[in-house]
């Protein structure tokens, strides 16, 4: 559809954080630095809400901007957004001010560099979700590696260099094959444009090659089993803000990639590899849950829970049903909200005790009741309690997966049970029982700033859980369009 905004809305959303990042160099006072970064991120979030004001519930690409960028190479500055990317964009702009506000008192060393990288990362992630030219997409995709590498390597834990290099090399290796296929697509069809390529005929041999190359890059980012080994190290070593961005948004770039590129561009290969994707997703669900159960570090538990929860998202995508794919899109957002909140709460308690071991906690309800109550709410959202956001996404996925293959749904349901097991074990280990550790007796409860950090996330748990139609009304038309494209390629109905 035509752009309904009176200005290039998507470009403003993408580039405002980077502009704000460079403006930070004009400030020396730490308070002014923090205020400037927070105002920039908040402004970007408010502007992104205009997407909802002008949104039309259809399956088309909206607010498109298409300019010739490098005409000699056929590269365009082509942006667009549909129901699949809408809430991922809003999630990204929401988490930006939240992590800046969380880091208000936490970062003492090179604050300007830290805030610069957070804002630059914001531009990269938004560019990934809004690009419709494959070269432009690839540039943003690779750009996101740089700020996160330095966030982990500069402000992370004692093994931060190892974790940062591992994160960079894993994701860079997968991207190399994707770039080769992007060039082959241009060689065959003379275009990098997503809207052109999804209509271009491709034989099965090329589709298979292209699907595998793209899927490898996206599977590493998700991360889909067995490409997950970089994630626990990155999460544990990253500063809290880095973990929130990593879990909340960066991992969703992988699931988004499958939806935006693999399914519509290579539909016949998608049908061929669906059983493999579903199998790896199920293994990830069960493996992530079982490994989370035996963790002694609460941050590691949440890291492995991400592998399990994103296995659910990938299984919904593999189902290729309306309910399954729509549920996967919404569950990507839900995971960003609930797991982001978990990492924030772990960061808050870590700042007070400087340990993440379950053995160092217990009985926290007696000393920090506000933190404990909010922690329980966040855990219940992650578990999928009816009335909260996690339930809506998981239930839609299970319905769609059952339609595709009842056995897939059976194994996925085991993952739901295991999730309740390991997350409630975390509640018991940290909150319940006697207050044995003397150091816990000096803990202070959450302050106003920390409550403001968590408030929008917890509010969204209930809004999504109680009013899911508002979200599905915007997601479903785009999913219908996607599945029609896949069906047209395979000649099969799902």
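Residue-wise test of (1) part of a helix (DSSP H, G or I); (2) surrounded by fewer than 18 Cβ atoms within 10 Å (Cβ to Cβ); (3) out of contact with any helix residue (DSSP H, G or I) (no Cβ under 7 Å at 6 or more places or on another chain); (4) modelled with pLDDT under 90.
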{"site": "400", "(1), (2), (3), (4)": "yes, no, no, no"}
{"site": "409", "(1), (2), (3), (4)": "yes, no, no, no"}
{"site": "419", "(1), (2), (3), (4)": "yes, no, no, yes"}
{"site": "422", "(1), (2), (3), (4)": "yes, no, no, yes"}
{"site": "433", "(1), (2), (3), (4)": "no, yes, yes, yes"}
{"site": "436", "(1), (2), (3), (4)": "no, yes, yes, yes"}
{"site": "439", "(1), (2), (3), (4)": "yes, yes, no, yes"}
{"site": "445", "(1), (2), (3), (4)": "no, yes, no, yes"}
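Of all residues in the range 150-163, count the ones that are touching a helix residue (DSSP H, G or I) at 6+ places or on another chain (Cβ under 6 Å) and either surrounded by fewer than 22 Cβ atoms within 10 Å (Cβ to Cβ) or on the phi > 0 side of the Ramachandran plot (or both).
The total comes to 6.
Outside the structural domain of residue 454 (by TED's automatic domain parsing), surrounded by 14 or more Cβ atoms within 10 Å (Cβ to Cβ) and within 21 Å of the chain's Cα centre (by Cα): does that describe residue 89?
Spelling it out, residue 89 is indeed outside the structural domain of residue 454 (by TED's automatic domain parsing), surrounded by 14 or more Cβ atoms within 10 Å (Cβ to Cβ) and within 21 Å of the chain's Cα centre (by Cα).
Inside the range 200-278, counting only helices (runs of 4 or more DSSP H) that do not spill past its ends, which hold 3 or more residues that are without any contact (Cβ under 8 Å) to a residue 60 or more places away in the chain, in contact with a strand residue (DSSP E or B) (Cβ under 6 Å, 6 or more places away or on another chain) and assigned by TED's automatic domain parsing to the domain that holds residue 90?
none
If you check 455, 420, which single one turns out to be without any contact (Cβ under 8 Å) to a residue 24 or more places away in the chain and farther than 17 Å from residue 317 by Cα?
Selected residue: 455, the only one of 455, 420 that is without any contact (Cβ under 8 Å) to a residue 24 or more places away in the chain and farther than 17 Å from residue 317 by Cα.
Given (1) touching a residue at least 12 places away in the same chain (Cβ under 8 Å); (2) more than 24 Å from the chain's Cα centre (by Cα), identify the lone condition not met by residue 320.
Here residue 320 meets the rest and fails (2).
Among the candidates 56, 46, which residue alone is modelled with pLDDT of 95 or more and either surrounded by fewer than 22 Cβ atoms within 10 Å (Cβ to Cβ) or in a helix (DSSP H, G or I) (or both)?
Going through 56, 46 in turn, just one is modelled with pLDDT of 95 or more and either surrounded by fewer than 22 Cβ atoms within 10 Å (Cβ to Cβ) or in a helix (DSSP H, G or I) (or both): 46.
The values are calculated or read from the model by the stated rules, or taken from the named source; none is laboratory data. As the structure is a prediction and not an experimental result, all values here were calculated from the model. In this analysis, Cβ positions are derived from the backbone assuming ideal geometry, glycine residues included, and neighbour counts consider all displayed protein chains.
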